[in-house]
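Every number in this text was worked out from the coordinates using simple rules, so none of it is lab data. What you see is a predicted model, and the numbers here were worked out from it, not measured in a lab. Backbone-built Cβ (ideal geometry, glycine too); neighbour counts: all protein chains shown.
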Amino acid sequence: MGKDSQWVTPGEVLGKASKFKAGRGAYVSPDNLTVYASLTGLRRILSPFPTHPTSWKFEFLRPTVEVTGHKAHGAIPEPGSIVIARVTKVMARMASADIMCLGTKSVREKFTGIIRLQDVRATEIDKVDMHMSFHPGDIVRAIVLSLGDARAYYLSTAKNELGVISAQSTAGATMVPISWTEMQCPLTGQIEHRKVAKVGQ
Amino acid sequence: MAGKGGATPSTYSPSPTTQKTKSLSFGNDDVLRPDDREWHQCRPAFFQIGVVAAAAGSAYADFGSTKVIVSVFGPRESKKAMMYSDIGRLNCNVSYTTFATPVRGQGSDHKEFSSMLHKALEGAIILETFPKTTVDVFALVLESGGSDLPVVISCASLALADAGIMMYDLVTSVSVSFLGKNLVLDPTLEEESYQDGSLILTWMPSRNKVTQLTITGEWSTPKINEGMKICMDACSKFSQIMKSCLKGLDSALEEEDSNVD
């Protein structure tokens, strides 16, 4: 194995903190200023701004050493991540949803989130009706606002591109969005209210 | 069943004939241990990762007749009743199979093992990397052959590494028993039943840090010192086996001699 692709295990020394920055799967010990691996995987060294031609001038820019390649644990939601969730329950002041995907990756374990009344949309938030925004079973795209409370993550759909991306009508057909607040059933022509996400361009 | 009329219950139980019947002369230096080991020699150790398909990470360890399997699940959502926390949680559980001990169903009185496993691992895991979520560690002792807790701890750290949980270092653990005037490394169940005291050291080998030290019985300071040195020496050797197991190298049955002079 080459020097740049060495298989390491947790606790292995990756280098001195004066020479490297700790990237993913690595940490710096404050006791002896050494970079250690915290995961199993391949040790890789990323040079600072490899495309930047003048980076050699900045001697204080250390290369980053990271450990990747082996399986990492399942993704967990963090503030700012875009999630796909399925609405499970709609109440007067909030809707609860099960997070199913984080970005493009599906979660390995189920996480619950709640969308509060004030986080449904950005404008006229005092006129929001929860039951006119979501129904149980809707698939929504949302952003994680915070880690929330002991029970759930706080989600928000207060952006154009966030909201319901797929919903079924009472007749059981997948509805077609017709405006940012309405969706129509292709079978019955019935119009239902949702906080619709703007998908694509 | 009915054909056996009058016979004793036909449940199989390994006959505990070797238990506590022969008086071992443990004070004698030239007598080897029941399994022909030196005083400061470990049993052959074997580790394997990825043995439970359903778990996020798992490991199997086999030290002589002590066999354990550890599965790691998560990080996953914490139980509803728990309080909010900015850092992750570790939940440990150690259980025994009903056939783990020579006398059936005797392995259940190890309630403290779960909390000891938790304390041993807690310091080695970077809990900040999975806020608000819980990592579950389930250890199952398949066969109890002595030094169960140290084997469980080492095996659990391997399972955590397999699950991709961020750790400061691997955790290795070994115990010594005080038998007469001898320190016996990695005692078997039989030796543990005769011990006057025990010392369990849980150590992070490359960081050179102790995460847990459990001492029972009467020990003098020099003996504790000696015991810890023996344990650390054995731990660093186990860590080599564990590392090669994680690296996918063939770690099959490596004989351990950790003779300390």
Determine if the range B:110-128 includes at least one residue that is aromatic (Phe, Trp, Tyr) and out of contact with any Asp or Glu (no Cβ under 9 Å at 6 or more places or on another chain).
no
Select, from B:LEU201, B:LEU160, B:LEU170, the only residue that is at the interface with chain A (Cβ under 9 Å from one of its Cβ atoms), outside any helix (DSSP H, G or I), surrounded by 24 or more Cβ atoms within 10 Å (Cβ to Cβ) and under 16 Å from the mean Cα position of the chain (by Cα).
B:LEU170
Qualifying positions in the range B:137-163 - of a type outside the set (A, V, I, L, M, F, W, C) and more than 12 Å from B:SER58 (Cβ to Cβ):
B:GLU143, B:SER144, B:GLY145, B:GLY146, B:SER147, B:ASP148, B:PRO150, B:SER154, B:SER157
Identity of the residue in the range A:3-36, assigned to a strand (DSSP E or B) and more than 13 Å from every other protein chain (Cβ to nearest Cβ), that ends up nearest to B:SER239 (Cα to Cα)
A:GLY15
Scan of the range A:170-201 for residues that are under 24 Å from A:ILE82 (Cα atoms), of a type outside the set (Val, Ile, Thr) and loosely packed, with under 13 Cβ neighbours inside 10 Å, ordered by number:
A:SER179, A:GLY200, A:GLN201
If you scan the range A:73-95, which residues turn out to be within 14 Å of chain B (Cβ to nearest Cβ) and buried (at least 18 other Cβ atoms within 10 Å of the Cβ)?
A:HIS73, A:GLY74, A:ALA75, A:ILE76, A:PRO77, A:VAL83, A:ALA85
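Given the criterion of a type outside the set (Ser, Thr, Tyr), within 23 Å of B:GLU128 (Cβ to Cβ) and away from every other protein chain (no Cβ under 13 Å), identify the matching residue among A:LEU145, A:LEU162, A:LEU102, A:LEU117.
Exactly one residue qualifies, and that residue is A:LEU145.
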